[in-house]
Amino acid sequence: MNQRPAAEEHSAYYGQYIGLVPDGEISEILVRQLEEMTRFLSELTQEQASHRYAEGKWSIKEVIGHIADTERVMSYRLLRVARGDQTALPGFDQDLLMEGISFDAYSVADLLEDYTAVRRATLTLLRGLPAEAWDRKGTVSDNNTTARALAYVIAGHQLHHMNIIKERYL
């Protein structure tokens, strides 16, 4: 599946993430991201991973945990929409999710294991989607959304945060 979602397939907010995703087959992009994240995390020391670029900002560990948590939420939404579930899905509060866990207590290896498990689950979900599922629409946070758009949001959200890590942390 390499058809970029149209603007009417997602909320305007998600356009910032979708716009970051390069052209190509979305599953291949997600596989490349898994490989890049594996390399990135394997080169980080515990000290680097605990770094915050400013007071009150997340550490790199927390950013990686947030990426995995958000992918879990988006994959669940994608599953529901792709299977034709028309139940409206609510938004979620990323800050509330972060208050419920201390990613700084994780080792870099633990974060990599968690992220990898989440990404592999997303990839197996996408691999099993029939062609018509990509166009299915559902309601997420009071906005019409397609399964295709949610797959692109997953990739774009990671790109967004990795850009911030490169610009502000390293």
Looking at the stretch 128-170, which of its residues are β-branched (Val, Ile, Thr), open to solvent by 20 Å² or more (accessible area, probe 1.4 Å) and assigned to a helix (DSSP H, G or I)?
Ile164
What do you reckon, is Ser50 out of contact with any His (no Cβ under 6 Å at 6 or more places or on another chain), of a type in the set (S, T, N, Q), more than 21 Å from Leu125 (Cα to Cα) and touching a residue at least 40 places away in the same chain (Cβ under 8 Å)?
yes
Taking Val81 and the conditions (1) assigned to a helix (DSSP H, G or I); (2) surrounded by fewer than 18 Cβ atoms within 10 Å (Cβ to Cβ), which numbered condition does it fall short on, given that it satisfies the others?
(2)
Being in contact (Cβ under 8 Å) with a residue 60 or more places away in the chain, within 26 Å of Ser141 (Cβ to Cβ) and surrounded by fewer than 16 Cβ atoms within 10 Å (Cβ to Cβ) narrows it down to one of Gln3, Gln33, so name that one.
Gln3
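Could you please find all residues in the stretch 20-48 being part of a helix (DSSP H, G or I), over 19 Å from the mean Cα position of the chain (by Cα) and not polar (S, T, N, Q)? Spell out the reasoning first.
First, the residues of the stretch 20-48 that are part of a helix (DSSP H, G or I): 26-43, 46-48.
Narrowing further to those that are over 19 Å from the mean Cα position of the chain (by Cα): 42-43, 46-48.
Scanning the stretch 20-48 gives Glu43, Glu47.
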Does the stretch 70-77 include one or more residues that are open to solvent by 70 Å² or more (accessible area, probe 1.4 Å), among the basic types (Lys, Arg), modelled with pLDDT of 95 or more and within 16 Å of the chain's Cα centre (by Cα)?
yes
For Val73: the one exception among (1) out of contact with any Gly (no Cβ under 7 Å at 6 or more places or on another chain); (2) in contact (Cβ under 8 Å) with a residue 40 or more places away in the chain; (3) part of a helix (DSSP H, G or I)
(2)
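Residues are listed down the side, and each one gets a yes or a no for (1) surrounded by 11 or more Cβ atoms within 10 Å (Cβ to Cβ); (2) modelled with pLDDT of 95 or more; (3) within 16 Å of Arg72 (Cα to Cα):
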position	(1), (2), (3)
Glu99	no, no, no
Tyr106	yes, yes, no
Asp110	yes, yes, no
Glu113	yes, yes, yes
Val118	yes, yes, yes
Leu123	yes, yes, yes
Leu126	yes, yes, yes
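The values are calculated or read from the model by the stated rules, or taken from the named source; none is laboratory data. Keep in mind that what you see is a predicted model, and the values were worked out from it rather than measured. Note that we place each Cβ from the backbone using ideal geometry, even for glycine, and neighbour counts take in every protein chain shown. Surface accessibility is based on the protein's heavy atoms, side chains included, excluding ligands, DNA and RNA. Shrake-Rupley method; radii C 1.70, N 1.55, O 1.52, S 1.80 Å.
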